[in-house]
Amino acid sequence: MKVSYFLIALCTLCQTYFSAAEQSYSSCNGANQGISGVQTIKLGNDTLEVYCETPRMGKSGWVVIQRRVSAEENFYRNWTTYENGFGDINKNFFIGLKTLNQMTKLKPHELYVYVENFNGKSAFAYYDSFSVGDASSKYKLQVGTYYGTAGNNLKGHNNMMFSTYDRDNDRSTENCAAKFTGAWWYNQCYDSNLNGAYLGNGQFGNKWGDFLYGSGIVWKGFQDFTFSLKTVYMMVRPTS
């Protein structure tokens, strides 16, 4: 009799444990419990290893989709590489356009962008909705209402298709990705260029046409085209 009660109690405990684990790992919300780190979450019928970030704006559950902290990783990559994602999830990486489409079509998401310069000054840009289209739309970007301190520098990129040096989908007569050593939802050409070259500290040119001018990591409302940023995080979370 005692053995039976023990087995029943053990099975109940196991069922509770696995049910809680399944729920907590359906997203970063609850999986990281306020601590940054790598977790495995569900994405449709698949699983995905992601970096969960600590709460921002009083909200938990942020998934880092892009990070720049050093020059270790080359972000001047081709279309296929950006589709699939690349880099070190603990350092510099881009999660991939296919993954972004999968994430944002399954649930509505919001976006938080953190930018920091080499003087230690930082700012943020928040968008109450964020989605990336599928391959047939060339991964078209859609963002909602802006709030923040960095400037609304995705406004001009809204409804733009993604471009790389080997897939020129921008509205400029030039290839913006090739001209500014990046890959982005370019228009004519950009107000933000977070996948630009990691140039380090210093000033790079004074005007259009100067060597490296505008080729760095740029968020125009925070710091102009002649400087490149030190740190960038792009993070998303489900809104429901």
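Every number here is computed from the coordinates shown, using simple stated rules; none is lab data. Since the model is a prediction, treat every value here as computed from it, not as a measurement. So basically every Cβ, Gly included, is an ideal-geometry build from the backbone, and we count neighbours across all protein chains shown.
Details
- Highest average packing first - 163-169, 140-146, Cβ atoms within 10 Å: 163-169, 140-146
- Highest mean first, the peptides 195-201, 62-68 sorted by other C-beta atoms within 10 Å per residue fall in the order 62-68, 195-201.
- Prolate/oblate/rounded label for region 28-238 (Cα gyration tensor, a/c 1.5): prolate
- Electrostatic dipole magnitude of region 155-203 [Cβ: Lys, Arg +1; Asp, Glu -1; Cα centre; debye, to 20]: 100 debye
- Semi-axis lengths (Å, descending) of the ellipsoid that matches the C-alpha gyration tensor of region 32-126: 21, 19, 13
- Beyond 29 Å in Cα-Cα separation lie the following of the pairs K107/K138; K42/K121; K105/K179; K91/K220; K107/K179: K42/K121; K105/K179; K107/K179.
- The packing ranking, built from the mean of other Cβ atoms within 10 Å per residue, places the peptides 94-107, 115-128 in the order 94-107, 115-128, highest first.
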